[in-house]
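Derivation of every value follows stated rules applied to the coordinates shown; laboratory data play no part. From a predicted model like this one, the values you see are computed outputs, not experimental measurements. Please note: Cβ atoms are built from the backbone with ideal geometry, for glycine as well, and neighbour counts cover all protein chains shown.
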Amino acid sequence: MHSIIEEITLVEQQANKLRQDAVAAAREQVAAARIKKEKELAALDEDLRLKLDEAVRQAEQQGESASAEILQKRADESKAACDKARAHMPAAVDYIMERVVDEV
């Protein structure tokens, strides 16, 4: 039969072992949670990066489209101005020639 002191010592040892096991289990759970969190953050980061890349791609497409429209509009306006100037060119040449002839 064990004495009370031996029983208390045994119970204390068991309590220490349980506490150590609980601390070890808690550390493992914290480590597992940290790994899970890091994986989730990496996945979220990748998802956000893909969304940002897509948003940038769409913005570039819209910018290129708007730029092309503006360039075409300016080209059309320039052509119209040139056509209008060409239409007035014979009259301008006649006017200049008339002035030159009158001066000579």
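Quick check on this structure: which one of E7, E28, E12 is surrounded by 10 or more Cβ atoms within 10 Å (Cβ to Cβ) and within 41 Å of the chain's Cα centre (by Cα)?
Just a single option satisfies the conditions, and that option is E28.
With the structure loaded, tell me whether Q62 is within 32 Å of the chain's Cα centre (by Cα) and surrounded by 10 or more Cβ atoms within 10 Å (Cβ to Cβ) or whether it fails that test. Give the steps one after another, and end with the answer.
Numbers: within 32 Å of the chain's Cα centre (by Cα): yes; surrounded by 10 or more Cβ atoms within 10 Å (Cβ to Cβ): yes.
Here the answer is yes, as Q62 does meet what is asked.
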